[in-house]
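S.K.: The structure under discussion is supplied below as structure tokens; questions concerning it will follow.
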Amino acid sequence: MRLSSYFLPTLKEDPAEAQIVSHRLMLRAGLVRQASAGIYSWLPLGLRVLRKVEQIVREEQDAAGAQELLMPTIQAAELWQESGRYDGYGKEMLRVIDRHDREMLYGPTNEELVTDIFRQTIRSYKDLPKILYHTQWKFRDEVRPRFGVMRGREFLMKDAYSFDLDYESARRSYNRMFVSYLRTFARMGLQAIPMQADTGPIGGDLSHEFIILADTGESEVYCHKDYLTYDALSEVSNDDNDLASAVEKWTSLYAATDEKHDPAQAAELGESLISARGIEVGHIFYFGTKYSQAMGATVTGPDGEELFPEMGSYGIGVSRLVGAIIEAYHDDDGIKWPDSIAPFSVGVINLRVGDADCDNACTDIVNKLEATGQDVLYDDRDERAGAKFATMDLIGLPWQVVVGPRGLKNGVIELKRRATGDREELSIESALSKLMG
Ligand code: P5A
């Protein structure tokens, strides 16, 4: 992609409305623009990141045995009246009246809709267990939308729903999702800490929030310091016993959000206790037969009796994650994307556009990288070198290839790793083999 024709509206100055670094950088790096309070348009560079996050989430959901479908954003009020949540959800729910005066709503979550699909389609215990998921926009009319996409009104969520015949099987689904969440966040370079949580309007009696630590996090959290170096994932298979012991291991260390924190435990942990701010990037719930009973979803059991399936739901804040990753990976100059979710893997900077040697070397490098499937952003603008370096640092691509006339005379270009700031002069061939390796 050539930067001269790419739609990348960057800002030199910090926007006044942005209070935290990820919001500032998302606006400055041209990832999003606010459409109205808590509602954002995703511009091309931001959309690339959003799609990469979504794709990692999808791959890990698939690997955990969940099946993807797509439910609509607009739902009928009747379903929520059946579950009993229509009135209770209050002002956070955006209610819509259609032309036939029917009450509709923009879905804040999908427990009702998925239970409705289930009761129309699944009849027998033999069809269980099932985990269904989608990635869809949600709307919650938050009182105080803030921090950009971190607490939006419209936001992208991956939500999965499990259906099992009994409690033991439901716990297996819960464990499966639990471990798949740790894997998902790890692939994005994030150490997520599971904390027992309240179930709020979703309901149920077992729930974990997945929190990453960041100075600008919304909630104060406490956890054992070993979480930060903990790696219980590498040896865990998808075997149910393995998953259960992994969850047990992970939850045996102390971790609590502010409301749940027990100072006595803290005192006991002494120096091992960390208190920090955290961002909730995922939340999982086991709520048994709450929705299946309320909505009359049953399956026929082995002895011909009608049984209510045990359910759980599992959310990941896909759009929030883009902000959360920036909170974790940035410096004064801009974003430092982890490789797995970078919008482009390499930025090529031409320091003298119009110089035949520089132009040829750059197009050659770009073509070769693209031929091996790499996403490349080529800065071919007629701009000062300083402006080009600043843009490339701001948008945070993992690698920068700097091509200038002086270097080319000596047969070298410069390769810079954004994360560390390390630079080295290399021949084009060695740079390419390093980038392709
Ligand atoms: C679980 C899936 C649920 O809605 N029902 C379906 C359950 N859980 S939750 O905790 O309410 O939300 C799941 C995740 O969505 C993200 N999130 C948000 N992201 C941006 N802006 C918001 N206003 C917002 N609200 C929730 C969070 O990451 C949360 O963990």
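The values are calculated or read from the model by the stated rules, or taken from the named source; none is laboratory data. This structure is a prediction, so every number in the text was calculated from the model and none was measured. Positions of Cβ are backbone-derived with ideal geometry, glycine not excepted, and every protein chain shown enters the neighbour counts. The protein model used for the area step is the full one, side chains on, heavy atoms only, and it has no ligands, DNA or RNA in it. Shrake-Rupley method; radii C 1.70, N 1.55, O 1.52, S 1.80 Å.
S.K.: When the helix-only estimate is applied to the chain (DSSP H runs of n ≥ 4, each -39,500 (n - 2.57), divided by the residue count), what is the mean residue ellipticity at 222 nm, nearest 500 deg cm²/dmol?
M.R.: About -10000 deg cm²/dmol.
S.K.: Rounded, prolate or oblate: pick one for the chain, where a ≥ b ≥ c are the square roots of the eigenvalues of its C-alpha gyration tensor, a/c under 1.5 means rounded, and failing that, prolate if a/b is larger than b/c, else oblate.
M.R.: Prolate, since a/c reaches 1.5 and a/b exceeds b/c.
S.K.: Please list Leu50, Leu213 in order of solvent-accessible area, largest first, computed with a 1.4 Å probe with all protein chains present.
M.R.: Reading off the accessible areas and sorting them downward yields Leu213, Leu50.
S.K.: Length gain on complete extension for the stretch Ser340 to Thr372, per 0.36 nm per residue less the alpha carbon to alpha carbon distance?
M.R.: So the chain would gain 9.9 nm between Ser340 and Thr372.
S.K.: How many percent of the accessible area of the chain is carbon or sulfur, using a 1.4 Å probe?
M.R.: Summing carbon and sulfur atoms, their accessible area is 47 percent of the total for the chain.
S.K.: Pull out the extension gain between Asp303 and Trp137, defined as 0.36 nm times the separation in residues minus the alpha carbon to alpha carbon distance; nm, one decimal.
M.R.: Answer, rounded to one decimal: 55.7 nm.
S.K.: I would also like to ask the following. Can you give the extra length, in nm with one decimal, that the chain gains between Glu17 and Glu59 once fully stretched, where that is 0.36 nm per residue apart less the Cα-Cα distance?
M.R.: 11.6 nm
S.K.: At a Förster distance of 51 Å, what's the computed FRET efficiency of Asp239 paired with Tyr6, Cβ-Cβ distance as r, to 0.05?
M.R.: 0.65
S.K.: Next question. So what's the gap between the Cα centers of the stretch 182-237 and the stretch 401-424, to the nearest angstrom?
M.R.: 39
S.K.: For the pair Asp226 and Arg417, what calculated FRET efficiency results from E = 1/(1 + (r/R0)^6), where r is the Cβ-Cβ distance and R0 = 30 Å, to the nearest 0.05?
M.R.: Plugging the Cβ-Cβ distance into 1/(1 + (r/R0)^6) gives 0.55.
S.K.: Please say if the stretch 98-157 is rounded, prolate or oblate, where rounded means a/c under 1.5 for a ≥ b ≥ c the square roots of the C-alpha gyration tensor eigenvalues, and otherwise the choice is prolate for a/b larger than b/c and oblate otherwise?
M.R.: Since a/c reaches 1.5 but b/c is at least a/b, the shape of the stretch 98-157 is classed as oblate.
S.K.: Calculate, for Met436 and Asn360, the FRET efficiency according to 1/(1 + (r/R0)^6) with r their C-beta to C-beta distance and R0 22 Å; round to the nearest 0.05.
M.R.: In this case the efficiency is close to 0.65.
S.K.: Can you give me the solvent accessible area of Arg187 with a 1.4 Å probe, rounded to the nearest 10 Å²?
M.R.: Approximately 90 Å² of Arg187 is accessible to the 1.4 Å probe.
S.K.: Further question: Using a cut-off of under 20 Å, list every residue of the stretch 208-237 whose amide N is near the label point 7 Å from the Cα of Glu92 along the Cα-to-beta-carbon line.
M.R.: Within reach of a label on Glu92, which here means backbone N under 20 Å from a point 7 Å along Cα→Cβ, the stretch 208-237 contributes 208-212, 217-221.
S.K.: Provide the per residue accessible area, probe 1.4 Å, for the chain, rounded to a whole number of square angstrom.
M.R.: Roughly 44 Å² per residue, with all protein chains present.
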